[in-house]
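Notes to accompany the following structure.
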Amino acid sequence: MSTHTTHGYTADKDALLKRLRRAEGQVRGVARMVDEDKYCIDILTQVSAATKALETVALQLLEDHLAHCVAEASSTGGPVAEAKLAEASAAIARLVRS
C-alpha cells in the first residue's frame with residue numbers, strides 16, 4: 001500500500017497508457033480471432049504479442065518503482081525501507097513466475 005502522493009511512473013504515464021491501449025487492442029483482436037475460428041497458431045502468436053506488451057509495461061512500472069519509491073524509502077532507512085524492499089522482491093517474484 002502506497003502513501004505517496006506521486007508515483008514513480010508519473011513521468012512515463014503517457015507512454016504506459018499508450019502501451020496499455022495497444023495491449024488492450026491486441027487482446028480484443030485475440031477474442032475476435034477466436035470468435036472467427038482463426039487458426040490456432042495465429043491466435044497463439046497474437047497472445048504472445050499481447051503478453052509481451054503487458055510484460056513491457058510491468059517492467060517499466062517496476063523500474064520506476066525501484067528508482068522512485070524504493071530509492072526514497074532506502075534513503076530514509078528503517079522498517080519503511082525494509083518493507084519497500086520486501087514489496088519489490090515480491091513483485092519481481094510474481095513477474096518471474098508469470
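Could you say whether any residue in segment 76-92 is among the hydroxyl-bearing types (S, T, Y) and in contact with a helix residue (DSSP H, G or I) (Cβ under 8 Å, 6 or more places away or on another chain)?
Checking segment 76-92: not a single residue is among the hydroxyl-bearing types (S, T, Y) and in contact with a helix residue (DSSP H, G or I) (Cβ under 8 Å, 6 or more places away or on another chain).
Surrounded by fewer than 14 Cβ atoms within 10 Å (Cβ to Cβ), of a type in the set (A, V, I, L, M, F, W, C) and within 20 Å of K13 (Cα to Cα), is that true of A67?
Spelling it out, A67 is indeed surrounded by fewer than 14 Cβ atoms within 10 Å (Cβ to Cβ), of a type in the set (A, V, I, L, M, F, W, C) and within 20 Å of K13 (Cα to Cα).
For (1) under 23 Å from V96 (Cβ atoms); (2) of a type in the set (A, V, I, L, M), each residue gets a yes or a no:
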| site | (1), (2) |
| --- | --- |
| L20 | yes, yes |
| G25 | no, no |
| G29 | no, no |
| T45 | no, no |
| A49 | yes, yes |
| E55 | yes, no |
| L59 | yes, yes |
| L62 | yes, yes |
| E82 | yes, no |
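Given (1) closer than 17 Å to D12 by Cα; (2) out of contact with any Phe, Trp or Tyr (no Cβ under 8 Å at 6 or more places or on another chain), identify the lone condition not met by Q46.
Every condition holds for Q46 apart from (1).
Could you please let me know if V34 is assigned to a helix (DSSP H, G or I), without any contact (Cβ under 8 Å) to a residue 40 or more places away in the chain, crowded, with 16+ Cβ neighbours inside 10 Å and not small (G, A, S)?
no
Readers should treat all values here as calculations from the given coordinates under stated rules, not as data from a laboratory. These numbers were taken from a predicted model, which means no experiment stands behind them. Reconstructed Cβ throughout: ideal geometry from the backbone, glycine too, with neighbour counts over all protein chains shown.
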